[in-house]
């Protein structure tokens with residue numbers, strides 16, 4: 001009986017250790033969990049909200065790869081630094097199609113992503129803070 005209890009205890013200890021290792025993962029990934037979703041832009045520079053919606057402007061943040069869209073080309077980037085309030089992106093790149101009338105917003109969004117220094121999530125809304133004290137506001141795409 002004692003032998004069976006020892007085996008059971010060893011099995012439970014092994015399973016618990018495995019779960020802890022699985023959940024610890026990448027600390028950046030865990031700290032930024034509230035960011036991981038698709039965000040539809042509602043405020044960006046002097047662009048009207050109607051234009052942001054018309055062009056389908058969005059930022060999609062995932063643990064390993066992020067993307068953004070502002071009417072024509074896809075932007076790709078990675079989370080470089082993330083904590084409870086700090087955030088920065090790196091390795092920003094884009095596809096290279098020409099789209100008449102949509103390139104200005106795209107270029108501005110690409111530049112703005114490189115200037116992100118922090119964020120604040122409040123329910124289904126997010127504010128990205130930029131070095132120049134401006135902001136990008138967005139709402140979760142999966143929010144009704």
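Values in this text are rule-based calculations from the coordinates and carry no lab data. This structure is a prediction, so every number in the text was calculated from the model and none was measured. FYI the Cβ positions are ideal-geometry reconstructions off the backbone, even for glycines, and counts take in every protein chain you see.
Worth pointing out:
- Counting neighbouring beta carbons within 10 Å and listing from fewest to most, the residues 106, 38 come out as 38, 106.
- Peptide ranges 69-79, 43-53 listed from the most packed, as the mean C-beta count within 10 angstrom indicates: 69-79, 43-53
- Length-normalised contact order of segment 32-140 in % [C-alpha pairs under 8 Å, at least 6 apart]: 25
- Here is the tail figure for segment 32-140: Cα pairs spaced more than 21 Å apart come to 26 percent of all pairs.
- Full extension of the chain segment joining residue 99 with residue 31 gains 20.8 nm, where the gain is 0.36 nm per residue of separation less the Cα-Cα distance.
- Taking every Cα-Cα distance in segment 36-91 and sorting them into 5 Å bins from zero, the calculated P(r) comes out as 5, 18, 26, 24, 17, 10, 2 percent.
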